[in-house]
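Remarks on the structure that follows.
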Amino acid sequence: MKWWASLSLRGRLVLLGTSGLIVGLTIAGVAMATAMTYSFRGTLDRAADSTATEIAALLEEGGKLPEPLPAPAGQVVQILDTQHRVVAGDRNADLLVPLLRGPEVQTALNGQRVNVPGDRALQPDLLRVTARQVPDGRIILVGVPLSDYHRSLTLLRTALWVTYPLLVSILVIIAWRVVGAALSPLDRLRLGAERITGAATDERLPVPPSSDEIQRLSITLNHMLDRLAVSRARQRSFIADAAHELRSPLASMRIQIEVAQKLGDWAAVSDDVLADLDRLTRLVDDLLLLARADASDPRRAPREPVELRTLLTTLAKRYDTVTVEPGESLWTEGEPDALHRIALNLIDNAVRHARRRVVLAVTAESQSEVLVTVTDDGEGIPAPLRERVFDRFARLDDARASDAGGSGLGLAIVRELTRRHGGTVRLTDARPGVRAEVRLPRLPDSTL
């Protein structure tokens, strides 16, 4: 099917459409020719039957038959006796030689029409003979010439052979033009796509005015371009923020090393350099984690049951100010390392901003959902800014910007990893402080 693959979409549609029309027209042409054939033949047979009925009526009256017998123009009428001899005829009939001979007579009397050579009645064309027997045994033969019938069939075939190719050619031309007009928006889409280089974020494909599939395709592609533009903007912002965050510890390390070179006191700056290296390492690790999360498919990640209260209790032991509220054992299914990272980032963030204590809790929201909360008693976050803190490298104020250990990626990592597990995360007002709420799919106890 290489030839089919080499055709354009326009050519394929025209070929499929016209092929169906050609098949339909062929069937219609054959049906019409067949119907006309039977119609012509039926007209001849009815005319012959009518003449035979009239002659039979004359014979049954018992009077003297007129000479010659009355018959419509072109027809040949003979009357045969019981010995199959001609006893009467019309002006076109041969009074010596019967139209039907031997077994042909019996065939005709059985109701079948018999075609015989025209020379039996001095006719140039075939004769279609009808036979009828009257009660006294005589036989009426009516022959109808087939010349008009053959001329009608020839004319019909000629008309079909002439008009059929012409009609098909016209249909192909019309289909080519119509399909071309219907597909012209696709050409404009292609040209518009070739002009889009990606350098400008406001370039979009033309949308045709028609309400059809091509318009919906154009709108869908433009929505895709919008999402790509947003993604490119996020990537550029992320790269710029990452470069800025990496530049700060590197610049600090460079200044400290240069001072140490001039003063010759390496011990005085070693602790600060190591602290900056730790901060830089955490930042690089967070960037790599986000990059892997963006690129990987969460459906292919290995998962296993995780008991959330045990996870929180284990992490709470690292801090003096963190407590876990008692409650039932609740499970979820996911990546253990990712769930560990979600809880650890939320606890670290809460501990940095809490005044005295942080409370962890796990509750069942429903049969299919579990709620993990991390509540601190700090100054809190204004409601309009609670969504913004989940942005990468988000900074709410200078105090948080200089916060020890904070890279601006902790909550962004929490949201991304929670999304990968089919859950949600949000911040609410705890008065005082902030409560982080993470909702995850619950693993029923029957599956453990």
ask   = Residues in the range 248-259: is at least one surrounded by fewer than 12 Cβ atoms within 10 Å (Cβ to Cβ) and either among the polar types (S, T, N, Q) or modelled with pLDDT under 75 (or both)?
value = no
ask   = If you take the residues of the range 327-336 that are of a type outside the set (Val, Ile, Thr) and assigned to a strand (DSSP E or B), which of them is surrounded by the most Cβ atoms within 10 Å (Cβ to Cβ)?
value = Gly334
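Residue by residue, here is whether (1) in the same structural domain as Val389 (by TED's automatic domain parsing); (2) in contact with a strand residue (DSSP E or B) (Cβ under 6 Å, 6 or more places away or on another chain); (3) closer than 18 Å to Arg415 by Cα; (4) in a strand (DSSP E or B) holds:
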position	(1), (2), (3), (4)
Asp278	no, no, no, no
Asp285	no, no, yes, no
Arg318	yes, no, no, no
Ala338	yes, no, yes, no
Arg355	yes, no, no, no
Thr363	yes, yes, no, yes
task = Can you run down the residue pairs with Cβ atoms below 8 Å, 6 or more apart or on separate chains, where the first is in the range 334-351 and among the β-branched types (Val, Ile, Thr) and the partner is buried (at least 22 other Cβ atoms within 10 Å of the Cβ) and not in a helix (DSSP H, G or I)?
result = Ile342/Val438; Ile347/Val358; Ile347/Leu360; Ile347/Val374; Val351/Val358; Val351/Asp376
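Residue by residue, here is whether (1) in contact with a Gly (Cβ under 8 Å, 6 or more places away or on another chain); (2) modelled with pLDDT of 90 or more; (3) over 21 Å from Ser50 (Cα atoms) holds:
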position	(1), (2), (3)
Pro72	no, no, no
Gln75	yes, no, no
Val86	no, no, no
Gly89	no, no, no
Val97	no, no, yes
Arg101	no, no, yes
Arg113	no, yes, no
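Given the options Arg400, Arg419, name the one that is out of contact with any His (no Cβ under 6 Å at 6 or more places or on another chain), basic (Lys, Arg) and either in a strand (DSSP E or B) or at pLDDT 75 or above (or both). Show your work before the answer.
On the way: Arg400 fails: either in a strand (DSSP E or B) or at pLDDT 75 or above (or both).
Matching residue, one of Arg400, Arg419: Arg419.
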query = Within the set of pairs 6+ apart or on separate chains, which have a first residue in the range 177-188 that is under 17 Å from Leu7 (Cα atoms), a second that is small (Gly, Ala, Ser) and surrounded by 13 or more Cβ atoms within 10 Å (Cβ to Cβ), and C-beta atoms under 8 Å apart?
reply = Val179/Gly17
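Per-residue answers, yes or no, for (1) loosely packed, with under 13 Cβ neighbours inside 10 Å; (2) assigned to a helix (DSSP H, G or I):
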site: Ala33; (1), (2): no, yes
site: Phe40; (1), (2): no, yes
site: Arg46; (1), (2): yes, yes
site: Ala57; (1), (2): yes, yes
site: Lys64; (1), (2): yes, no
site: Leu69; (1), (2): no, no
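Evaluate the range 254-272: report whether one residue or more is touching a Ser or Thr at 6+ places or on another chain (Cβ under 7 Å) and not assigned by TED's automatic domain parsing to the domain that holds Arg388.
Initially, the range 254-272 is screened for residues touching a Ser or Thr at 6+ places or on another chain (Cβ under 7 Å), giving none.
No, every residue in the range 254-272 fails to be touching a Ser or Thr at 6+ places or on another chain (Cβ under 7 Å) and not assigned by TED's automatic domain parsing to the domain that holds Arg388.
In the range 1-15, what count of residues is obtained for those that are surrounded by fewer than 12 Cβ atoms within 10 Å (Cβ to Cβ) and of a type in the set (A, V, I, L, M, F, W, C)? Lay out the reasoning, then the answer.
Taking the range 1-15 and keeping what is surrounded by fewer than 12 Cβ atoms within 10 Å (Cβ to Cβ), we get 1-6, 8-9.
Checking the rest, the ones that are also of a type in the set (A, V, I, L, M, F, W, C) come to 1, 3-5, 9.
The total comes to 5.
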Yes/no for Glu307 being of a type in the set (Asp, Glu), at pLDDT below 90 and surrounded by fewer than 17 Cβ atoms within 10 Å (Cβ to Cβ) = no
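The values are calculated or read from the model by the stated rules, or taken from the named source; none is laboratory data. Since we're looking at a predicted model, the values are computed, not measured. Here the Cβ is made from the backbone with ideal geometry for all residues, glycine too, and neighbour counts use every protein chain on show.
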